[in-house]
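What follows is calculated from the coordinates using simple rules that are stated; it is not laboratory data. For clarity, every value in this text was computed on a predicted model and none was experimentally measured. Glycine also receives a Cβ, built like all others from the backbone with ideal geometry; neighbour counts cover every protein chain displayed.
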Amino acid sequence: MASRRENPASIANPPAALPTAAGATEFRTHRLALPADSAGLRFDQALARALPQYSRARVRDWIDAGRVQVDGRPLRAKDRVLGGEQVRVEAALPQQNPGVLAQPMPLDVVHRDRALLVINKPPGLVVHPGAGNASHTLQNALLALDPKLALVPRAGLIHRLDKDTSGLLVIARTPEAHTALVAAMAQREIAREYLAVCVGVVTAGATIDEPIGRHRTQRTRMAVRADGRPSVTHYRVVRRFRGHTLLRVALETGRTHQIRVHLAHAGFPVVGDPVYGGRRRLVAGSTPRLEQALRGFARQALHAAHLELSHPVSGRRLTFDAPVPQDMQQLLDALEADLA
């Protein structure tokens, strides 16, 4: 499906912050019969299978809180079922983002429907609050854009991008969509491709299959290490320049800083990367325009350009593409001009 772009959601002269609905809870009633093939299962396991849109932990919380009746009476989570029981669930969906303020900010909304949003994140925007970034993050902006996201973990964020990486992110708008999309991400059913400008001339595409873990001495960095988590990155050449290469990169796994770490390990760090060594490099005869473009590029040249997933409700396959932002396009233009 071709990507669809809406006008950015913005508010003129917005207040600094709007409080989320503290303690807000949405209630839903589910009535169902446990299937015959659940005979012999624990009750919490059988009910979680019957309500796959919710996590087993959430289902168990409802059982323990007395919000579930089986043939008119309560059952314990550990009780075994026979199959065929009539179940009534008074589902309570509480506030999932305590302490996170809703802050109106301009957002580039590429797609919007009742189940999900797709956002084209600009460089420089932190995805969710953390140490040193308590507010003015994408999560704050999402809670202002759609207050019901307060009922969804992390305001519906399924994955993240580094602060200075731009591009596409999918956001679940309901708890059911969140459960489905988290499962799809874990099963590698959501395809993500990036454009990266790298230092050095890459001769051919390849796959990097190297485990990644926390750096042993610099805890804010990641590194290739034998005891790290399995990490696989595929890349192919889009355009070669005199001292740089534009790559299209596909993730098979999604580790922190994965593309940046893997490409630096391969000897082709991302241009502008302040952590993993993407320092500007010029070859003899480079134009002043290119020198200026490289000197002025103050972030990693990495953009999440392509996103493909199955809709969590309809199952229809959706495809989205986002053009590179202006600063990265200017860098590419300067690299192209340097070939002339």
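Near the amide H of Val238, within less than 5 Å, lie the amide hydrogens of Leu246, Leu247, Arg248, all on another chain or at least 5 residues away, with H placed in the peptide plane.
When the helix-only estimate is applied to the chain (DSSP H runs of n ≥ 4, each -39,500 (n - 2.57), divided by the residue count), what is the mean residue ellipticity at 222 nm, nearest 500 deg cm²/dmol? Mean residue ellipticity, 222 nm, calculated: -5500 deg cm²/dmol. Less than 5 angstrom separates the built amide H of Arg225 from those of Ile212, Gly213, all sequence-distant by 5 or more or on a different chain.
Straight-distance candidates among the lysines for linking to Lys163, with alpha-carbon spacing under 17 Å and chain neighbours fewer than 8 residues away dropped: Lys121. Which of rounded, prolate, oblate describes the chain, given a ≥ b ≥ c as roots of the alpha-carbon gyration tensor eigenvalues and a/c under 1.5 marking rounded, otherwise prolate only if a/b is larger than b/c? Here the chain falls in the prolate category.
Rounded, prolate or oblate for the range 191-337? Axes are the square roots of the Cα gyration tensor eigenvalues, ordered a ≥ b ≥ c, and the cut-off for rounded is a/c under 1.5.
oblate
The simple Förster model, with R0 at 41 Å and r as the Cβ-Cβ distance, assigns Asp321 and Arg214 a FRET efficiency of 0.80. In order along the range 110-126, the phi-based Karplus estimate (6.51 cos²θ - 1.76 cosθ + 1.60, θ = phi - 60°) of 3J(HN,Hα) comes to 7, 8, 8, 8, 5, 9, 8, 10, 10, 10, 9, 6, x, x, x, 9, 6 Hz; Gly and Pro are listed as x. Since only Val109, Gly167, Ala264 are under comparison, the one whose Cα sits farthest along the positive direction of the charge dipole of the chain, derived from C-beta charges on Lys, Arg, Asp and Glu, is Ala264.
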